[in-house]
């Protein structure tokens, strides 16, 4: 596994991974489906706000990505191509992400209800559902669930 911080060189990979990951629910997002340029600008805005995006590669192919927002102790984006990875990878992936919050004892993430594999992966790692939820699309009954990881002292 290779881990690279977002750069101009891999921005296209980040955009494509984002589009693939949200394709099942992009139509429910507040802005609908975005162009490649709009998605790229979102990632660049994250970076300019002090967030960090990491891309994870296996055999040269992007297989996962995460955007870390330390100021809010939150994982902003979490994308995994479950067809290309195994359980060992997901454990190492989440360990790396949690290490980015070294001084923070509680880390949060919102997960779209349609992304059951991500929910399962987080729960298997030790994240707990907080009971908080928000509608992504009330009309289509698509929700976001908030999860919390508590670092053991």
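Brief remarks on what is shown
- From the options 10, 31, 49, residue that is at pLDDT 95 or above and either over 23 Å from residue 120 (Cβ atoms) or more than 16 Å from the chain's Cα centre (by Cα) (or both): 10
- Filter result for the condition that a residue is touching a residue at least 40 places away in the same chain (Cβ under 8 Å), over 12 Å from the mean Cα position of the chain (by Cα) and under 23 Å from residue 136 (Cβ atoms), over 16, 41: 16
- Of everything in segment 17-28 that is in contact with a helix residue (DSSP H, G or I) (Cβ under 8 Å, 6 or more places away or on another chain) and surrounded by fewer than 18 Cβ atoms within 10 Å (Cβ to Cβ), the residue that is modelled with the highest pLDDT is 19.
- In segment 29-46, the residues that are surrounded by 12 or more Cβ atoms within 10 Å (Cβ to Cβ) and either touching a helix residue (DSSP H, G or I) at 6+ places or on another chain (Cβ under 9 Å) or farther than 20 Å from residue 93 by Cβ (or both): 29, 33, 34, 36, 39, 40, 41, 42, 43, 44
The values are calculated or read from the model by the stated rules, or taken from the named source; none is laboratory data. None of these values were measured; they are calculated from a predicted model. Reconstructed Cβ throughout: ideal geometry from the backbone, glycine too, with neighbour counts over all protein chains shown.
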